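To keep things clear, I will list the structure first and then write my remarks on it.
The values are calculated or read from the model by the stated rules, or taken from the named source; none is laboratory data. Source: prediction; values computed, not measured. Cβ sites come from the backbone with ideal geometry, for glycine too, and all protein chains shown count toward neighbours. Just so you know, the surface numbers come from the protein's heavy atoms only, side chains and all, with ligands and any DNA or RNA stripped out. Shrake-Rupley method; radii C 1.70, N 1.55, O 1.52, S 1.80 Å.
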Amino acid sequence: QVQLVESGGGLVQAGGSLRLSCAASGRTFSSGPMGWFRQAPGKEREFVATMRYNRPAYPDTVKGRFTISRDTAKNTVSLQMNSLKPEDTAVYYCAAGTSYGFGYATRAVDYDYWGQGTQVTVSS
């Protein structure tokens, strides 16, 4: 049984930092992408970060503030979030894909497995 388990969410003031971690079990994802998405109330799930082999990609909304890292041997992926803003408030989801497609995996359909989500709340 494949599981992705996130940890590290919580409440932080604007300008603060949080680090999210995700541990995968049940299979390895060394041949596919791992990434992060988020979903705020009333909004669609949106792409936050991904690793294609050892190269990261981010949308402009988090570029320069968030850093994704991955340990393929440990089957883990992390997201360091700095300079947090109230608009970063959302449930954050870890995702993993079984194979790389063309280009960076920035769409939800590029992933096969999802974590249960962890809440990040940034107060102003």
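A few comments on the model shown:
- Rounded percent of accessible protein surface that carbon and sulfur make up, region 1-97, 1.4 Å probe: 46
- Label-point gap, in nm, between residue 61 and residue 123 - each point 7 angstrom along Cα→Cβ: 2.3
- On a per residue basis, the chain carries 52 Å² of accessible surface, using protein heavy atoms and a 1.4 Å probe.
- Note on residue 73 and residue 107: the model spin-label points, each 7 Å out from Cα along the C-beta direction, lie 3.5 nm apart.
- The chymotrypsin sites (Phe, Trp or Tyr not before Pro) of region 4-73 meeting both criteria, a DSSP state outside H, G, I, E and B (loop) and at most 11 other C-beta atoms within 10 angstrom of the site's C-beta, are 53.
- Residue (of 28, 119, 97) at the positive-pole extreme of region 2-124, dipole from beta-carbon charges: 28
- Kirkwood Rh, angstrom, the chain [1 / mean 1/r, Cα pairs]: 14.2
- Counting only Cβ charges, +1 for Lys and Arg and -1 for Asp and Glu, the dipole size of region 5-71 around its Cα centre is about 120 debye.
- Near residue 98: Cβ cut-off under 13 Å, other residues only, Lys/Arg at +1 and Asp/Glu at -1. The net charge is -1.
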